[in-house]
Each structure stands twice: as structure tokens, then as C-alpha cells.
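*Asks:* Shown below is the structure under consideration.
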Amino acid sequence: MSDIRLVNLTKSYGEGNAVSEVNLEIGEGEFFSLLGPSGCGKSTTLRMIAGFIRPTSGQIFVGRDDITALPPERRDIGIVFQNYAIFPHMNVAENIAFGLKLRKMPKAEIARRVEAALKQVGLVGYDDRYQRQLSGGEQQRVALARVLVTEPRILLLDEPLSALDKGLREEMKFWIKDLQKKLRITTVYVTHDQDEALTMSDRIGVMSKSRIVQIGTPQDIYERP
Ligand code: ADP
Ligand code: ADP
């Protein structure tokens, strides 16, 4: 059974559609990329899966559950944005603990999970640092840790590397892929960068003008672009 299923998913703003009749099944543990130029509807699709944007029509399933009408906080989905948005007045440990405190988790459990998350993202010993003391790549790792610590069923990544310089982007590309494989977390990755999609994905959905126009493995997409 697929982990995520989009059925005729559509979002219109006034005249035009940002997303038109998208049908898609993503398997459990799969790394799926939505690839396409700026404005083709990738971000809107992702935000509908996250629950920040309500579809005009269509449905979203996770497993057997129709989550189309659920608010974001009840979806068991983590999302990381391009501009990581870590809180500057909190240190790394406090940033990562933030979502768990909201859930009123016991302190000892929070401490244990934060430690595990720091290990996962390779930032052991960074607990006390503030944003200004972190590189772009380190900030993006904190943003990922903050999401992973809540142990979501599904991970959504919206152009997570595009604020980083080229060298760091290369490094983070492989690092994110490895982490995803290790965690086996179902992942939807949004990018306009063909090279990122080809390197990281199990499958790619190519979007153009609000529609998915091709779905395939990186090899399929590379051979028939
Ligand atoms: P992408 O993520 O591929 O760059 P988006 O999903 O952000 O594309 O946008 C798809 C299209 O929908 C674009 O033409 C964009 O201008 C339009 N759009 C996105 N959000 C809104 C909005 N809130 N109101 C009106 N148009 C929007
Ligand atoms: P990102 O670059 O992170 O995908 P955008 O900068 O495209 O995000 O959009 C930021 C916000 O502005 C989103 O909430 C999106 O829905 C909204 N937006 C995007 N395009 C338009 C538009 N043409 N008209 C109105 N709102 C828009």
C-alpha cells in the first residue's frame, strides 16, 4: 500500500490553477522528488500535503486515512523549508526541543530525544550554540533535527539546499539522502535542480504548469527528459 496518495489534487487561485489534478502514489520509505521550474506548483502541492493550504478539490491520503480535512498539527508530517527559520533567541538544544515542549513531553524524555537527534544530524556538542554561531549547513541540520525529533511519519523538504553555496549543497545532498535511507522515512523533496533530484530520489515527478507531466526513476527521467 502506498504511504501517500494524492487524488485529483487541485488548487486554484482566481482564474488559474497553481496545481491541477495531480494524481500520485508514494510508497513507504520512498524518496520522491517533485522537480520543475519556479512557479510550476511544487510548493503548493507540498503545502497541501502539510495542511497549510486547503485544496480546492481532490483528496490526500496517508495510509488508509483521508487527511484532506485535518489541520497540520494532526497530520504526523514534518516539513523543512528553504530558509530553515531556526529561532535566534534559542540555542540549538532549545530549538530542537521546541516542538516536544509544545506537546508537554516529560523533561527527561525531551533530553533523551534531543541528544539522539543531535547525534542523527552530526551535531553532538552543539547544544549551547546560537544561530549566529552556526554555518548555513549547520543551521539546516538543526532545522532537520527539530523536525525529526518529533518522529513524523512523513518528511517534506521544500528546496532545503537552495540557500546554501554550491560546495555545501553537494555535501548536504548526499548527507540528506544517507539520513533518509537510514531512517527509511517517506520523503517528498521539492526542487528546481535536476541534478539534486537525479542524485537523491527513488522516483521523480516532473511538474510543468501546475501538472505532473512525467513520473519515473532517475534513470527514466535522465534518458527521456
Ligand atoms: P513552485 O513551488 O513550483 O515555484 P508555487 O507552488 O509556489 O510554485 O506556485 C505555483 C503558481 O501558483 C505560481 O504561478 C504562483 O504565482 C501561484 N501562487 C502560489 N501561491 C499563490 C497565492 N497564495 N495566490 C495566488 N497565486 C499563488
Ligand atoms: P517559497 O519560495 O518558499 O516556495 P514563495 O516565496 O513562492 O515561497 O511564497 C511565499 C508565500 O507567498 C506562500 O504562502 C505563497 O502561497 C504565497 N504566494 C506565492 N506566489 C503568490 C502569488 N502570486 N500571489 C499571492 N501569494 C503568493
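*Asks:* How high is the FRET efficiency from Ala163 to Glu73, r the C-beta distance, R0 35 Å, rounded to 0.05?
*Replies:* Efficiency, rounded to the nearest 0.05: 0.85.
*Asks:* In addition: Which one of Met90, Ala117, Val188 has its Cα pushed farthest toward the positive end of the charge dipole of the chain, where Lys and Arg give +1 and Asp and Glu give -1 at the Cβ?
*Replies:* Ranked along the dipole, the leading option is Met90.
*Asks:* Set the Förster radius R0 to 22 Å, insert the Cβ-Cβ distance between Lys181 and Arg112 as r into 1/(1 + (r/R0)^6), and round the FRET efficiency to 0.05.
*Replies:* With a Förster radius of 22 Å, E is 0.40.
*Asks:* Nothing charged except the Cβ atoms of Lys and Arg (+1) and of Asp and Glu (-1): what's the magnitude of the dipole of the range 1-107 about its Cα centre? Round to the nearest 20 debye.
*Replies:* 480
*Asks:* In whole Å, what is the distance between the alpha-carbon centres of the range 29-60 and the range 93-137?
*Replies:* Going from one Cα centre to the other spans 28 Å.
*Asks:* Lysines within cross-link reach of Lys104: Cα-Cα under 27 Å, excluding same-chain residues under 8 positions apart?
*Replies:* Within the straight-line cut-off, Lys104 pairs with Lys119.
*Asks:* Hey, another quick one. By per-residue mean of other Cβ atoms within 10 Å, what is the highest-first order of 181-193, 143-155, 94-106?
*Replies:* Top to bottom by mean Cβ count within 10 Å: 143-155, 181-193, 94-106.
*Asks:* I would also like to ask the following. Using the Cα atoms as the points, what is the convex hull volume per residue of the chain in Å³?
*Replies:* About 128 Å³ per residue, rounded to a whole number.
*Asks:* For Leu102 and Asp193, compute 0.36 nm times the residue count separating them, minus their Cα-Cα distance, and round to one decimal in nm.
*Replies:* My answer for the length gained is 29.3 nm.
*Asks:* Over the chain, what is the percentage of antiparallel beta bridges among all DSSP beta bridges, to the nearest 5?
*Replies:* Of those bridges, close to 55 percent are antiparallel.
*Asks:* A follow-up question, please. Sort the following peptides by mean Cβ neighbour count (other Cβ atoms within 10 Å, averaged over residues), highest first: 18-25, 200-207.
*Replies:* With the highest mean Cβ count within 10 Å placed first, the list reads 200-207, 18-25.
*Asks:* Computed over the Cα atoms, what is the radius of gyration of the range 44-143 divided by 2.2 N^0.38 Å, N being its residue count?
*Replies:* Rg over 2.2 N^0.38 Å, computed on Cα atoms: 1.26.
*Asks:* Explain nothing, just the number: relative contact order of the chain, from Cα pairs under 8 Å at least 6 residues apart, as a whole percent.
*Replies:* Relative contact order here is 29 percent.
*Asks:* Which lysines does Lys42 reach when only Cα atoms under 20 Å apart count, and residues fewer than 8 places away in its own chain are ignored?
*Replies:* Lys11, Lys173, Lys177, Lys209
*Asks:* Tell me the mean residue ellipticity at 222 nm calculated for the chain from its helices only (DSSP H runs of n ≥ 4, each -39500 (n - 2.57), averaged over every residue, nearest 500).
*Replies:* The helix contribution divided over the chain gives -10500 deg cm²/dmol.
We did not get these values from a lab; they are worked out from the coordinates using the rules stated. None of the values given here were measured: they were computed from a predicted structure. Neighbour counts are summed over all protein chains in view; Cβ atoms, including those assigned to glycine, are modelled from backbone coordinates with ideal geometry.
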